[in-house]
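Read through the structure below, which is laid out as structure tokens, and then see the notes.
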Amino acid sequence: MRAPYQILIFPYIKASDGSFKYCIFKRNDLKVWQGIAGGGEEGESPIQTAAREANEEAGISLKAQITQLTSVNSIPVEAISGFIWGGNTLVIPEYSFGIKLLSEEIKLSHEHFQYKWLAYEEAHKTLTWDSNRTALWELNYRLINNKMSFIANLI
């Protein structure tokens with residue numbers, strides 16, 4: 001059964017000039033720009049879900065460096081999977097992560113039909129959801145101000 005939370009992931013890369021680029025994805029179903037998003041499986045922690053979803057949706061190695069952000073948003077269950085947890089669970093948390101990549105190589109799953117590597121300003125303008133813009137802002141701030149803490153070897 002699906003666990004009652006959602007995850008959001010932004011892959012990023014440091015360019016040769018020292019700037020950062022962020023990968024955003026266009027969904028097949030909704031045709032919106034966002035980070036990698038997905039739901040947890042029963043017994044999985046949010047960080048395990050982030051690793052699995054990054055691998056499934058973008059072909060990102062399970063050994064990539066990941067940072068859990070402090071950005072946590074609330075998502076209506078109706079927009080995700082309905083009321084599968086009963087009528088008392090109306091919103092679920094969305095935990096946010098950044099994943100450091102060494103190359104821009106992405107292998108899209110069937111859930112997305114396009115991706116872009118963009119500078120922060122352009123990525124921020126292109127994203128559809130406020131929760132995505134907030135998480136991306138935090139990730140960018142942490143990167144440019146050297147306030148990252150990595151959790152290595154995800155699973």
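The values are calculated or read from the model by the stated rules, or taken from the named source; none is laboratory data. Note that the structure is predicted; figures quoted are calculated from it, not measured. So basically every Cβ, Gly included, is an ideal-geometry build from the backbone, and we count neighbours across all protein chains shown.
Just a few scattered comments:
- Selected residue (only one of Y141, Y115 is at pLDDT 95 or above and not in a helix (DSSP H, G or I)): Y115
- Failed item, numbered, when T134 is tested on (1) surrounded by 12 or more Cβ atoms within 10 Å (Cβ to Cβ); (2) at pLDDT below 95: (2)
- Taking the criterion of being over 11 Å from the mean Cα position of the chain (by Cα) and part of a strand (DSSP E or B), the residues of the stretch 40-70 that qualify are G40, E41, Q65, T70.
- Selection over the stretch 118-134 of residues that are of a type in the set (F, W, Y) and in a helix (DSSP H, G or I) gives a count of 1.
- If the condition is being within 20 Å of Y141 (Cβ to Cβ), of a type in the set (G, A, S) and over 10 Å from the mean Cα position of the chain (by Cα), then the stretch 1-39 contributes A15, G18, S19.
- Single match in R2, R27 (criterion: under 23 Å from T134 (Cα atoms), basic (K, R) and modelled with pLDDT under 95): R27
- Residues of the stretch 66-103 satisfying the condition of being acidic (D, E) and modelled with pLDDT of 95 or more: E94
- Residues within the stretch 17-39 that are part of a strand (DSSP E or B), closer than 16 Å to K107 by Cα and in contact with an Asp or Glu (Cβ under 8 Å, 6 or more places away or on another chain), tallied: 5
- Listed by first and then second residue, the pairs linking a residue in the stretch 84-111 that is assigned to a strand (DSSP E or B) to a residue that is among the acidic types (D, E), with Cβ atoms under 9 Å apart and 6 or more places separating them unless they lie on different chains, are S96/E138; G98/E138.
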